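The values are calculated or read from the model by the stated rules, or taken from the named source; none is laboratory data. Computed from a prediction, not measured in an experiment: that's the story for all the values here. All Cβ positions, glycine included, derive from the backbone under ideal geometry; neighbour counts span all protein chains shown. Side chains included, ligands, DNA and RNA excluded: accessible areas come from the protein's heavy atoms. Shrake-Rupley method; radii C 1.70, N 1.55, O 1.52, S 1.80 Å.
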Amino acid sequence: MKISKKIVEYAITFLVIITLNFFIPRLMPGDPFTFLSSEEGSVNYTYTQEQIDMYKSYYRLDKPLREQYKNYIVNMFRGNIGYSIYYNDLVLSIILKRAIWTLGIVIISIIASSSIGTVIGAFSAWNRKGWIDKTIYSVMIIFSEIPAFLIAVLLLFILAAKTGLFPLSGGMTVFAQYDNIVERILDVIHHGLLPVMALSLSRVGGFYLLSRNSMISVLTKNYMKTAQAKGLRDRTIIFKHALKNAMLPVITRIFLSLGGVFGGAILVENVFNYPGLGRLMREAVMVRDYTLIQGIFLFVTFTVLIMNLLADIIYKKIDPRVN
């Protein structure tokens, strides 16, 4: 019964999102056929009204919205999410080529921010009410309020433009000749470090606050007083007894934060001109490529819903009381 209820909840959520996904691009001012091109980076050509009408007829954009919506739903459940008007390629193919860049920095930044935030939060809770806790708390509150794109701009100016420690933009060095695959991988990592740092710093405050609050609650339990009375070392008490019991909300937050990190990645990628879904989204919006915009939203929505479902399952596995 509970499984059926959960499936219905996710189905309704998915239906609402894909409906908004269909109508929002079409409410935007402008026309996708104002900009047409054979491939990315080439010169744009403006077509005559007759040619535009022909393309609208080909993509069925001259049909009533109700009919377009019906075709959109039917094609989507057949696995066909459309053909890009601007890039002249399958939307799914374009998204998969770009998604690997975005998923890479998103996953690494979530792992980094959750690990750093949890450890610092545990340390801060252990020293609660002391000057160390107050200092760390103030710094983390500031970090948690700064948006990812602003941190990205600061990192770009300080670590790339001013010191030259990192490249200014891109996912890898243009026209570079690599002697082996290791050099290529190191170049990709070098270009991805600043986007990862920007996303991690913008998220570490949230994980810190969650970990700190959860740890403070755990540290007041009687079994923690027993552990201290036994003379166990602080490191053992924190990491073996306290942090283990305080991790439940942090683990849930890791999965639920994926949507927010995706949103931050879209802005951060545009700051660093990183070749992921964020930059692709900006390009698609600029040329009003409805099918590509819908495809990107659908991919992000599907990924976030899967992560939420995993969070539900793992939460129940870790804490059977939820059932």
Go through segment 115-128 and count every residue that is surrounded by fewer than 23 Cβ atoms within 10 Å (Cβ to Cβ) and under 20 Å from Ala148 (Cβ atoms).
-> 3
Here the residues within segment 147-161 that are aliphatic (A, V, I, L, M) and open to solvent by 50 Å² or more (accessible area, probe 1.4 Å) are Leu150, Leu154, Ile158, Ala161
Which of the residues spanning segment 50-93 are under 16 Å from Gln294 (Cα atoms), open to solvent by less than 80 Å² (accessible area, probe 1.4 Å) and either touching a strand residue (DSSP E or B) at 6+ places or on another chain (Cβ under 6 Å) or among the aromatic types (Phe, Trp, Tyr) (or both)?
-> Tyr59, Tyr69, Tyr72, Tyr86, Tyr87
Consider Tyr47 against the criteria (1) more than 30 Å from Val196 (Cβ to Cβ); (2) of a type in the set (Ser, Thr, Tyr); (3) at pLDDT 80 or above; (4) not in a helix (DSSP H, G or I): it satisfies all of them except one. Which criterion is unmet?
-> (3)
Among the listed residues Ile185, Ile189, Ile110, Ile141, which satisfies the condition of being more than 23 Å from Arg98 (Cβ to Cβ) and either in contact with a Pro (Cβ under 9 Å, 6 or more places away or on another chain) or assigned to a helix (DSSP H, G or I) (or both)?
-> Ile141
Matching residues in segment 98-121 - criterion: being touching an Asp or Glu at 6+ places or on another chain (Cβ under 9 Å) and either of a type in the set (Ser, Thr, Tyr) or more than 30 Å from Met215 (Cα to Cα) (or both) = Trp101, Thr102
Of the residues that sit in segment 259-294 and are of a type in the set (A, V, I, L, M, F, W, C) and more than 30 Å from Asn71 (Cβ to Cβ), which one is most open to solvent (accessible area, probe 1.4 Å)?
-> Leu267
